[in-house]
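Report on the following structure.
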Amino acid sequence: MPCSVADTRDKVKGAMYIHMFAFRFKPAVTDEQKDRIVAAIRKLQDEIPGILETWVGRNDSPRGQGYELGGVMKFADKAACEAYGAHPVHQKLLGWLMPLIEPIEVDFNV
């Protein structure tokens, strides 16, 4: 019997949730600022409940299309990811980070 969309939704409700991101840096961003960004993102796991795992680093792929930094965060579920997004520590980071980057983000259940 084929699996319906509704069946699939029921199976992933409560599944692990992945938040992926990649950044292009604005032209004036220094290497020191890039290192600060990596360190600040890694530190989020210690400061915000719900982040299960974090990987972040400088992109060395020749196919990076200008995206110099990438990362992945794992959450228990979508609700935990949404709580992270609204958390004051994350919002403070975004306050100084957003003027430095052109981001792309992808979120999905696994």
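Bear in mind these aren't lab numbers, they're just calculated from the coordinates by the rules spelled out. Every value quoted in this text rests on a predicted model; they were computed, and no experiment measured them. Neighbour counts are summed over all protein chains in view; Cβ atoms, including those assigned to glycine, are modelled from backbone coordinates with ideal geometry.
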Query raised in the report: How many residues, within the range 12-22, are over 18 Å from the mean Cα position of the chain (by Cα) and surrounded by 13 or more Cβ atoms within 10 Å (Cβ to Cβ)?
Result: 1
Query raised in the report: Which condition number does Lys34 fail, the rest of (1) charged (D, E, K, R); (2) under 21 Å from Phe108 (Cα atoms); (3) free of Cβ contacts under 8 Å to residues at least 40 places away in the same chain being met?
Result: (2)
